[in-house]
Amino acid sequence: LYAGRLVEHKNVDLLLSAIKRLNEQSDRPVTCGIVGDGPDMDALRQQVESDGLEGAVEFLGFLEDIEDVYGYMKSAGVFVLPSSREGAGLVTLEANACGVPSITARHENNAATEVVEDGVNGYVSDMEVADLARTIQTALDQSTEMRDDCIEYAKRYEWDAIAEDTLEVYKDNIE
């Protein structure tokens, strides 16, 4: 599953190419849901058509109700955010809270790499089709075993946990 704006720096085209590669290399077909909308929608739909991915990729559009997004996350085997420019990457933690490992892209402008710990709550992939495909397959193979770790990892970022950590920093600096 991918959820976010459909804009160039999100690299959804890279994800689609990785899905194509996985389906060419495996007897087990991989499907992908794309949640979101944006200026790249038409180009991505064309890529799906030209790559013969119509049965493997579903464009779900912009979902007004966040509970609908969480429903798709909970049913996914892996969440993929191949963005080269990301702020906090909170969507990766939302996927983790749903028990789903997250994959994000290794890039100097992608802060989402700060909240994905390889093999614990997901993976960081190179921005290259073969590595992303390999990483998706690894995550899919291990997603059931990673479920509890993903949920526990996401708990570190709950408001109460962050407030406690912040309070400790202030206490340490006062003493």
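The values are calculated or read from the model by the stated rules, or taken from the named source; none is laboratory data. Small disclaimer: the values here were computed from a predicted structure and weren't measured. Quick reminder, even Gly has a Cβ in these numbers, built from the backbone with ideal geometry, and neighbours come from all protein chains shown. Areas reflect the complete protein model, heavy atoms only, side chains present, ligands, DNA and RNA absent. Shrake-Rupley method; radii C 1.70, N 1.55, O 1.52, S 1.80 Å.
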- Message: Tell me whether region 54-64 contains one or more residues that are in contact with a Leu (Cβ under 7 Å, 6 or more places away or on another chain), modelled with pLDDT of 95 or more, of a type outside the set (S, T, N, Q) and not in a strand (DSSP E or B).
- Response: no
- Task: Scan region 149-167 and report the pairs whose first residue is assigned to a helix (DSSP H, G or I) and whose second residue is among the basic types (Lys, Arg), with Cβ atoms within less than 8 Å and a gap of 6+ or a chain change.
- Result: Ala161/Lys155
- Message: With the requirement that a residue be of a type in the set (S, T, N, Q), part of a helix (DSSP H, G or I) and more than 21 Å from Asp13 (Cβ to Cβ), what does region 113-148 give you?
- Response: Thr138, Gln142, Ser143, Thr144
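Within region 42-69, track down each residue that is touching an Asp or Glu at 6+ places or on another chain (Cβ under 7 Å) and of a type outside the set (A, V, I, L, M). Steps first, please.
In the first step, residues of region 42-69 are kept if they are touching an Asp or Glu at 6+ places or on another chain (Cβ under 7 Å); the result is 44, 47-48, 61-62.
Gln47, Gly61, Phe62, listed by residue number.
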- From Ala139, Ala133, Ala163, Ala154, which residue is buried (at least 17 other Cβ atoms within 10 Å of the Cβ) and farther than 14 Å from Asn96 by Cβ? Ala133
- Query: Of everything in region 64-93 that's open to solvent by less than 40 Å² (accessible area, probe 1.4 Å) and among the β-branched types (Val, Ile, Thr), which residue is nearest to Asp13 (Cα to Cα)?
  - Reply: Val80
- Query: Tally time: how many residues in region 94-112 are open to solvent by 10 Å² or more (accessible area, probe 1.4 Å), outside any loop (DSSP other than H, G, I, E, B) and modelled with pLDDT of 95 or more?
  - Reply: 2
- Item | Selection within region 8-34 - under 15 Å from the mean Cα position of the chain (by Cα), without any contact (Cβ under 8 Å) to a residue 40 or more places away in the chain and part of a loop (DSSP other than H, G, I, E, B) | Thr31
- Item | Filter result for Tyr72 (in a helix (DSSP H, G or I), among the aromatic types (Phe, Trp, Tyr) and either under 22 Å from Thr144 (Cα atoms) or at pLDDT 95 or above (or both)) | yes
- Query: Among the residues of region 8-15, is any within 18 Å of Val129 (Cβ to Cβ), in contact with a helix residue (DSSP H, G or I) (Cβ under 6 Å, 6 or more places away or on another chain) and among the β-branched types (Val, Ile, Thr)?
  - Reply: yes
- Item | First in region 92-120 and within 17 Å of Leu132 (Cβ to Cβ), second anywhere and among the acidic types (Asp, Glu), Cβ under 7 Å, 6 or more apart | Arg106/Asp126; Asn110/Glu86; Ala112/Glu86
- Taking interchain pairs and intrachain pairs at least six residues apart, which have beta carbon atoms under 8 angstrom, with the first residue in region 68-81 and within 20 Å of Arg28 (Cα to Cα) and the second assigned to a loop (DSSP other than H, G, I, E, B) and open to solvent by less than 10 Å² (accessible area, probe 1.4 Å)? Ala76/Val100; Gly77/Val100; Val78/Val100; Val78/Pro101; Phe79/Val100; Phe79/Pro101
